Amino acid sequence: MHTYVAHYSSPAASDVRAKGLFEFESASRAGTKGNQRDARLKMLELYGKDAVSWSIVRVERKKAAATACDEQLEMDFRAPKPERKRAKRKEWW
């Protein structure tokens with residue numbers, strides 16, 4: 001299962017405007033009806049009857065966090081590579 005982020009908004013004519021996003025998991029591929037259905041069900045589960053008139057604007061796959069590090073960091077104790085020297089340029093005149 002992949003994690004997706006769904007963006008939702010309420011109708012323009014509603015008394016209380018609602019906009020936001022939430023995360024959900026779906027086994028369906030992005031952009032399919034199954035994926036939209038999973039997003040809709042999760043939205044109704046989270047927000048209840050208030051979310052019946054809301055619509056899902058966009059669904060995108062969640063990107064991995066760049067700052068989070070789930071792995072063990074490793075240290076490199078090897079000697080540094082020797083610095084390469086540039087070849088001398090020959091003058092042709």
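Values quoted throughout were computed directly from the atomic coordinates according to the rules given, and no laboratory measurement underlies them. In this text the structure is predicted, and so the values were computed from the model without any measurement. All Cβ positions, glycine included, derive from the backbone under ideal geometry; neighbour counts span all protein chains shown.
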> Among the listed residues Val59, Val5, Val16, which satisfies the condition of being of a type outside the set (Phe, Trp, Tyr), in contact with a Gly (Cβ under 9 Å, 6 or more places away or on another chain) and either free of Cβ contacts under 8 Å to residues at least 40 places away in the same chain or surrounded by 10 or more Cβ atoms within 10 Å (Cβ to Cβ) (or both)?
Replying inline: Val59
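Considering only the stretch 1-23, state which residues are acidic (Asp, Glu) and not in a strand (DSSP E or B). Outline the logic, then answer.
Filtering the stretch 1-23 for residues acidic (Asp, Glu) gives 15, 23.
Asp15 - this is the single residue of the stretch 1-23 that is acidic (Asp, Glu) and not in a strand (DSSP E or B).
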> What is the residue count in the stretch 24-36 for residues that are part of a helix (DSSP H, G or I) and surrounded by 13 or more Cβ atoms within 10 Å (Cβ to Cβ)?
Replying inline: 2
> Out of Leu73, Leu44, which single residue is surrounded by 12 or more Cβ atoms within 10 Å (Cβ to Cβ) and out of contact with any strand residue (DSSP E or B) (no Cβ under 6 Å at 6 or more places or on another chain)?
Replying inline: Leu44
> Are any residues in the stretch 21-51 touching a helix residue (DSSP H, G or I) at 6+ places or on another chain (Cβ under 9 Å) and closer than 15 Å to Lys62 by Cα, and if so, which ones?
Replying inline: Phe22, Glu23, Phe24, Glu25, Ser26, Ala27, Ser28, Arg29
